[in-house]
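Right, one structure below, let's go through it.
What follows is calculated from the coordinates using simple rules that are stated; it is not laboratory data. Source: prediction; values computed, not measured. Positions of Cβ are generated from backbone atoms using ideal geometry, with glycine treated the same way; all protein chains shown enter the neighbour counts.
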Amino acid sequence: MLVTGPFGHLHASKGDGHLLPSQPNFDTVAPYGNKYAEILEKLVFPASSWTVRYFETIGNPPYDTGLTIYQKPNGSHWLMIRQARPEIGSIVVNAYYKRVDLQSSLAAVKIESSDRQVPPEIALEMRRLWLAFLQDVRPRDKRDDTVYIHPPTVILSAKDSKGVTLSGKYPLDAGKHRKFTAFEAIVDNLVKSCDAPDKDRIQLLRRAAKRARNLRESLDSR
């Protein structure tokens, strides 16, 4: 069963949180960033022609979640969710330093996957929301000296009308900001829709679209 993270259970304020700049290769630098991105693309984000992505590493022990909305050649829109346990980042790092064998460690990773068609209006609403969030990517306004235990990593990516990829990551204190907990509620609806029977699935997708529209409009009105 696919699961979601605990953001919705944290206290949220009205603070003006925003996405932070995300480096290439899923915010992972040299010397192992390229290999990490290559493996993530293969195991967690295999869908081509994608429009939005959501990448999260969370939990103790941590695991990876990848959410992708993409189009097939026939024009239909699909929602793919893939989860990898254990998380891939530590495997790549440990393999680089010769602590583990990369191939055998990757072979032991458990992948759970769902790939289901979604109505085009749902895909469009999600893309609009992702792009709205990604319009406000900038460094923190002030230093954050808080110590976070097992902080989640969340990276949002979307392609704009010109096909340019935009990316940004959650701040460490994302759980304190209402806009991020609202976004996580939408992600939760999308993930749950993958395992739901058809009737419940449509309701979850509609709920996600309504929440996405309301959240985007609240961002536009600021």
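Spin-label model, Val29/Asn60: points 7 Å from Cα along the beta carbon direction are separated by 2.7 nm. Distance from the C-alpha centroid of segment 97-146 to that of segment 150-180: 8 Å, rounded to the whole angstrom.
Here the sum of -39500 (n - 2.57) over DSSP H runs of 4 or more residues, divided by the residues of the chain, equals -12000 deg cm²/dmol at 222 nm, to the nearest 500.
Would you work out the relative contact order for the chain, in percent, from Cα pairs under 8 angstrom that are 6 or more residues apart? Walk me through the numbers before you get to the answer.
On the way: 371 pairs, mean separation 60.4, N = 222.
For the chain, the relative contact order is 27 percent.
Remark: spin-label model distance Asn214-Arg201 equals 2.5 nm, labels positioned 7 Å along the Cα→Cβ axis. Once C-alpha pairs closer than 8 Å and six or more residues apart are averaged by separation and normalised to the residue number of segment 97-222, the relative contact order reads 25 percent. Straight-line reach from Lys142: taking Cα to Cα under 24 Å and skipping same-chain neighbours fewer than 8 places apart, the lysines in range are Lys14, Lys169, Lys176, Lys179. Helix screen, the chain: DSSP H segments with Cα axial length of 24 Å or more and mean Kyte-Doolittle hydropathy at least -0.5 are 178-195.
If R0 is taken as 41 Å, the Cβ-Cβ distance between Lys72 and Ser104 corresponds to a FRET efficiency of 0.75. For a modelled paramagnetic label at Ser221, 7 Å from Cα along Cα-to-Cβ, the residues of segment 103-138 in reach, with backbone nitrogen under 18 Å, are 129, 132-133. Straight-line cross-link partners of Lys110 among the aspartates and glutamates, defined as a Cα under 13 Å from its Cα and at least 8 positions apart when in the same chain: Asp64, Glu87. Give the cross-link partners of Lys192 among the lysines, using a straight C-alpha distance below 19 Å as the criterion and excluding same-chain residues fewer than 8 apart. Lys192 reaches Lys210.
Put simply, segment 70-178 fits an ellipsoid with semi-axes of 29, 25, 13 Å; these come from the alpha carbon gyration tensor as the roots of five times its eigenvalues, largest first. Within the set (1) 72, 33, 23; (2) 50, 46, 35; (3) 83, 35, 29, the number that Cα extents along the principal axes in Å takes when calculated for this structure is listed as (2).
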